[in-house]
1. Would you point out the residue of the stretch 103-118, among those that are closer than 20 Å to residue 93 by Cα and outside any helix (DSSP H, G or I), that is farthest from the chain's Cα centre (by Cα)?
2. Considering only the stretch 53-70, I want to know if a residue exists there that is hydroxyl-bearing (Ser, Thr, Tyr) and assigned to a loop (DSSP other than H, G, I, E, B).
3. Where the second residue is of a type in the set (Ser, Thr, Tyr) and open to solvent by 40 Å² or more (accessible area, probe 1.4 Å) and the first is touching a residue at least 12 places away in the same chain (Cβ under 8 Å) and farther than 11 Å from residue 182 by Cβ and lies in the stretch 313-326, which pairs have Cβ atoms under 8 Å and are six or more apart or on separate chains?
4. Of all the residues that make up the stretch 210-268, how many are outside any helix (DSSP H, G or I) and at negative phi?
5. Please work out which residue is most open to solvent (accessible area, probe 1.4 Å), limiting yourself to the stretch 139-163 and to residues that are out of contact with any strand residue (DSSP E or B) (no Cβ under 9 Å at 6 or more places or on another chain) and either part of a loop (DSSP other than H, G, I, E, B) or farther than 21 Å from residue 10 by Cβ (or both).
6. Which of the residues belonging to the stretch 106-124 are touching a residue at least 40 places away in the same chain (Cβ under 8 Å) and within 15 Å of residue 63 (Cβ to Cβ)?
7. Which of the residues belonging to the stretch 240-279 are farther than 23 Å from residue 186 by Cα and either in contact (Cβ under 8 Å) with a residue 12 or more places away in the chain or acidic (Asp, Glu) (or both)?
8. Is it the case that residue 71 is exposed (fewer than 15 other Cβ atoms within 10 Å of the Cβ) and either at pLDDT 95 or above or out of contact with any Lys or Arg (no Cβ under 7 Å at 6 or more places or on another chain) (or both)?
Amino acid sequence: MGYRSLGGTGIEVSAHCLGTMMFGAVGNPDHEECVRIIHAALDRGINFVDTADMYSAGESEVIVGKALKGRRDDVVLATKVHFRMGEGRNCSGNSRRWIVRAVEDSLRRLDTDWIDLYQVHRPDHTTDVEETLAVLGDLVRAGKIRSFGCSTFPAEELVEAHHVAERRALPRFRTEQPPYSILARGIEADVLPVAQRYGMGVLTWSPLASGFLSGKYRLGGPIDLTSGRAALTPARFDPAIPGNVAKLEAVEQLVELAESIGCTLPELAVAFPVAHPAVTSVIIGPRTMEQMESLVKGAGLVLDDAVLDRIDEIVAPGVNLYRPDGVWRPPALSDAGRRRRAIGERAAAS
């Protein structure tokens, strides 16, 4: 396993990061098996583990805490804050009030005295980013976290956060965690160049593109829309929709490419983001031991220029063949009221 510096923090992390979203009720509810998976990943050289408070409502953090007993000093531990974690009106978001409480809850569930990388899971337009940066800086000084970053922030939000930090003499986001895969390359046009400009570490998620690059979904093959991810978002997988046919056609070409270089499609998919100079570590999120071993197996795979050129021909740089799950949408797009003048003001002439 290769290791890279995490932005300008001086922390060395493995080029693969073990994501634990599938540990707990929403994925694998067997705590003992999940602990074995984490231990197996550590034994294979992965020293970077990523979780979040909202994964299985905190259960994932509990599992990670169990697994790291006796091995905590050898692991770079990352978790996140933002999503709702209770019924109260202030049990979510990026406010000082919530973050101060949420970090204590995460430390308790993880059974640790500190978090190496604490990440803001999504932007929050109800909270000034200055407020968020200030409280995160206070947590660093208090020794509760070592560094902090953000996740799934659009490029303009990254730039604004850095400008605010500079103007207010506040510590800045050191990392960004965006979705990135062969089928979702949109961040190559903006987020990754911005991260490089500011020297940010980048942890990418969903290298298998919600399962499209797992080999499970093939052109002309049966696709069960009643189970798994397909049941949650059938419009994303329904082969009767033209946009999905384009994804499946790309998958067929990628399968052929993988076979030509002697690897599997998932190995090709996980090796792709590692090759980008802005990417520090690629998050793999297995649910089973078999999945973990399959993903780690391709850690030594190096994609040469000819292979990367062929991938560019199949899916052009900067192009999204699909919109990754869970991507934050700015209010300017999600709120129709922000895109429409009052009815009496819409005419070009009075």
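1. First, pick out the residues of the stretch 103-118 that are closer than 20 Å to residue 93 by Cα: 103-109, 115, 117-118.
Still in the list and also outside any helix (DSSP H, G or I): 115, 117-118.
Numbers: 115: 18, 117: 14, 118: 13 Å.
Checking each candidate, the answer is 115.
2. Kept after step one, since they are hydroxyl-bearing (Ser, Thr, Tyr), are these residues of the stretch 53-70: 55-56, 60.
Pick out the ones that are also assigned to a loop (DSSP other than H, G, I, E, B) and you get none.
Taking every residue of the stretch 53-70 in turn, none turns out to be hydroxyl-bearing (Ser, Thr, Tyr) and assigned to a loop (DSSP other than H, G, I, E, B).
3. Going by the 8 Å Cβ cut-off, the qualifying pairs are 325/233.
4. First pass over the stretch 210-268, keeping only residues outside any helix (DSSP H, G or I): 212-227, 233, 238-241, 261-264.
Keeping just the survivors that are at negative phi gives 212-214, 216-219, 221-227, 233, 238-241, 261, 263-264.
Final tally of qualifying residues: 22.
5. If we filter the stretch 139-163 for residues that are out of contact with any strand residue (DSSP E or B) (no Cβ under 9 Å at 6 or more places or on another chain), which is where we start, we get 141-143, 154-156, 159-160, 162-163.
From what is left, the residues that are either part of a loop (DSSP other than H, G, I, E, B) or farther than 21 Å from residue 10 by Cβ (or both) are 142-143, 154-156, 159-160, 163.
Values: 142: 68, 143: 28, 154: 30, 155: 12, 156: 112, 159: 41, 160: 87, 163: 78 Å².
Filtering the stretch 139-163 for residues that are out of contact with any strand residue (DSSP E or B) (no Cβ under 9 Å at 6 or more places or on another chain) and either part of a loop (DSSP other than H, G, I, E, B) or farther than 21 Å from residue 10 by Cβ (or both), the one most open to solvent (accessible area, probe 1.4 Å) comes out as 156.
6. Applying the first criterion (touching a residue at least 40 places away in the same chain (Cβ under 8 Å)) to the stretch 106-124 yields 106, 109-112, 116-124.
106, 109, 110, 111, 112, listed by residue number.
7. In the first step, residues of the stretch 240-279 are kept if they are farther than 23 Å from residue 186 by Cα; the result is 240, 256, 259-264.
Within the stretch 240-279, 256, 259, 261, 263, 264 meet the criteria.
8. On the way: exposed (fewer than 15 other Cβ atoms within 10 Å of the Cβ): yes; either at pLDDT 95 or above or out of contact with any Lys or Arg (no Cβ under 7 Å at 6 or more places or on another chain) (or both): yes.
Yes, satisfied.
The values are calculated or read from the model by the stated rules, or taken from the named source; none is laboratory data. Every value quoted in this text rests on a predicted model; they were computed, and no experiment measured them. All Cβ positions, glycine included, derive from the backbone under ideal geometry; neighbour counts span all protein chains shown. When the accessible area is computed, the model is the full protein with side chains, heavy atoms only, and any ligands, DNA or RNA have been set aside. Shrake-Rupley method; radii C 1.70, N 1.55, O 1.52, S 1.80 Å.
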